[in-house]
Amino acid sequence: MPTNRTRLQLDGLEARLTPATVADLLSAAAHTAAGAAFFRQVATDPGWMQNAAFQSFLQAQLKAIFQNGQAAIAAAQAPPHGMPAAALKGLTTQAQANQHLALTVGNWTGLAVAPAAPVPPAPAPTDAGMTNTMPDPNAPNWVAVGSQGLKTWDVVPGSGAPVAAGASVTVLYTGWLASNGTKFDSRRSPSPPATFSLTGVIQGWQQGIPGMKPGGIRRLFVPAALGYGAAGSGSTIPPNADLVFEVKLISHT
């Protein structure tokens, strides 16, 4: 393989493929032509590209060709007045071909060419599917859990791994007094969900939340004995109050 000859010719291309800026359409066209020339040259002697000694050089060239292709395509989309349409189309076609070849060679040699696409942020959890009014404590949908009066009602089953006892859960929820439907607590969108360890919440949640799956919506009827009991809680939950909750599970660990 005529490695020295190839390297000398590639050195000449290196300066042409890494300009400081791409100021206008003419320079974009020049860089695009240089990229095409690079691929024509290496096609005559492709074996050197697998040589570890040339990996940094090759990666730099492929990145430059890919970036110059982006600049050329952008320049062709906003050309100077009077630029022939055929020339713009030819420039765009060649720039796209250069980008494709740069990615292909990069994949073949295991070199990163294009910047990694940014990972879009996960959509914020919403309370879609939840109710704004207290579910009827006497509805036939409730299912008894245990012998202490706890009942559950799965509105949406969710999917994935179920919550285990003692897990940490991230949820949206609303709580009502079962006696009169007064809302005493709520965490709903657009507010972010709340995260609780099931070891630190009332027994109605400790017993009623396990088994839920992410995305699921479950209603809980919590008798006072599994809630706040004879003490109640502050000014919002009176003594011996039965409670109704609706919980949407976002995630758990």
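Across the stretch 141-149, rounded Karplus estimates of 3J(HN,Hα) from the backbone phi angles (6.51 cos²θ - 1.76 cosθ + 1.60, θ = phi - 60°) give 6, 5, 10, 5, 10, x, 10, 9, x Hz, Gly and Pro being marked x. Summarising the label geometry, the points placed 7 Å from Cα in the beta-carbon direction at ALA128 and ALA78 lie 3.6 nm from one another. Here the dipole of the stretch 84-236 is about 100 debye; that uses its Cα centre as origin and unit charges on the Cβ of Lys and Arg (positive) and Asp and Glu (negative). For LYS183, the lysines whose Cα falls under 27 Å of its own Cα, not counting residues fewer than eight places away in the same chain, are LYS151, LYS213, LYS248. For the chain, the longest principal axis of the Cα atoms and the long axis of helix 55-77 meet at an angle of about 80 degrees.
How high is the relative contact order of the chain, in percent, counting Cα pairs under 8 Å that sit 6 or more residues apart? Before the final figure, lay out each step's value.
On the way: 398 pairs, mean separation 41.9, N = 253.
It comes to 17 percent, rounded to a whole number.
The long axis of helix 3-17 is offset from the longest Cα principal axis of the chain by roughly 70 degrees.
Taking amide H as placed 1.01 Å from N in the peptide plane, VAL155 has its amide H under 5 Å from the amide H of ILE217, ARG218, ARG219, each at least 5 places away in sequence or on another chain.
Taking label points 7 Å from Cα along the Cα-to-Cβ direction, ALA36 and ALA53 give a separation of 3.3 nm. Only helical DSSP H runs with n ≥ 4 go in: add -39500 (n - 2.57) per run for the chain, normalise by residue count and round the 222 nm mean residue ellipticity to 500 deg cm²/dmol. The helix-only estimate for the chain comes to -11500 deg cm²/dmol at 222 nm.
Between the Cα long axis of helix 85-109 and the first principal axis of the chain there is an angle of about 70°, rounded to the nearest 10.
Full extension of the segment from ALA225 to VAL143, taken as 0.36 nm per residue of separation minus the current Cα-Cα distance, would add 27.7 nm.
Rounded to the nearest 0.05, what FRET efficiency is calculated for SER159 and VAL119 with R0 set to 22 Å and r the Cβ-Cβ distance?
Numbers: r = 22 Å, r/R0 = 1.01.
Efficiency, from the Cβ-Cβ distance: 0.50.
Under a 5 Å amide H cut-off, with hydrogens placed 1.01 Å from N, ASP127 pairs with SER189 among residues at least 5 apart or on other chains.
If you average 1/r over every pair of different alpha-carbon atoms in the stretch 214-253 and take one over that average, what Kirkwood value in Å do you get?
Details: mean 1/r = 0.0889 Å⁻¹.
The answer is 11.3 Å.
Between the amide H of VAL222 and those of LEU243, VAL244, PHE245, distances stay under 5 Å, these residues lying 5 or more places away or on another chain, with hydrogens modeled in the peptide plane. Where [x] 18.1, 59; [y] 32.4, 91; [z] 19.4, 57 are the candidate values, the label of the one calculated here for Rg and Dmax of the Cα atoms in Å is [y]. Rounded to the nearest Hz, the phi-derived 3J(HN,Hα) couplings of the stretch 194-204 under the Karplus curve 6.51 cos²θ - 1.76 cosθ + 1.60 (θ = phi - 60°) are 9, 10, 10, 8, 5, 6, x, 10, 4, 4, x, where x marks glycine and proline. Selection among SER235, THR170, GLN203 by position relative to the dipole of the stretch 143-252 gives THR170 as farthest towards the positive end (Cβ unit charges, Cα centre).
Laboratory data are not the source of any read-out in this text; all were calculated from the coordinates shown. Since we're looking at a predicted model, the values are computed, not measured. Please note: Cβ atoms are built from the backbone with ideal geometry, for glycine as well, and neighbour counts cover all protein chains shown.
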